[in-house]
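Take a look at the structure set out below.
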Amino acid sequence: MLTTDEVKKIAVLARISLSPEEVEKFRSELSTVLDYVEDLQQVNIEGVEEVSQVTGLVNVQREDISVEFADLQAITSQAPEMKDGYYKVKAIL
């Protein structure tokens, strides 16, 4: 079981202030969590493969490849205004 001073130190490290009632409440709750973690440390995990995710999802992003567009005139003709081959826009600053 955690002591009151240990809970207060944890609160200082977490930069939170606790009332005396909260200190008692968290003393009990944090002790329960630490007891559970201690139980987990007793589990034999020898031979168990480490996993980072269990859904089987894989990265579906495509490779980034630059491709020349065949009909540049079709795209630039839709712009409201062009100047020297560039899109002309209003200044924003």
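Summing -39500 (n - 2.57) over the DSSP H runs of n ≥ 4 in the chain and dividing by its residue number, what mean residue ellipticity at 222 nm do you reach, to the nearest 500 deg cm²/dmol?
It lands at -12500 deg cm²/dmol.
At a Cα cut-off below 16 Å, give the lysines reachable from Lys9, other chains included and same-chain residues fewer than 8 away excluded.
Once the sequence-local lysines are set aside, what remains near Lys9 is Lys25.
So, in nm, how far is label Tyr36 from label Ile65 when the simple model puts each one 7 Å beyond its Cα toward the Cβ?
My value for the distance between the label points is 5.0 nm.
Using the 2.2 N^0.38 Å rule of thumb for compact globular proteins, work out how the chain stacks up: its C-alpha Rg over that value, please.
2.47
Return the long-range amide H neighbours of Leu2 (sequence gap of 5 or more, or a different chain), with a cut-off of under 5 Å between placed amide H atoms.
Correct list: Ser31.
Which longest uninterrupted range of the chain lacks any trypsin sites (Lys or Arg not before Pro) assigned by DSSP to a loop state (not H, G, I, E or B) and surrounded by at most 13 other Cβ atoms within 10 Å?
16-61
Report the full-extension gain for the segment Ser28 to Thr4: residue separation times 0.36 nm, less the Cα-Cα distance, to one decimal in nm.
7.7 nm
FYI, it's all coordinate maths here, none of it is from the lab. Note that the structure is predicted; figures quoted are calculated from it, not measured. No Cβ is skipped: glycine too gets one built from the backbone with ideal geometry, and neighbour counts run over all protein chains shown.
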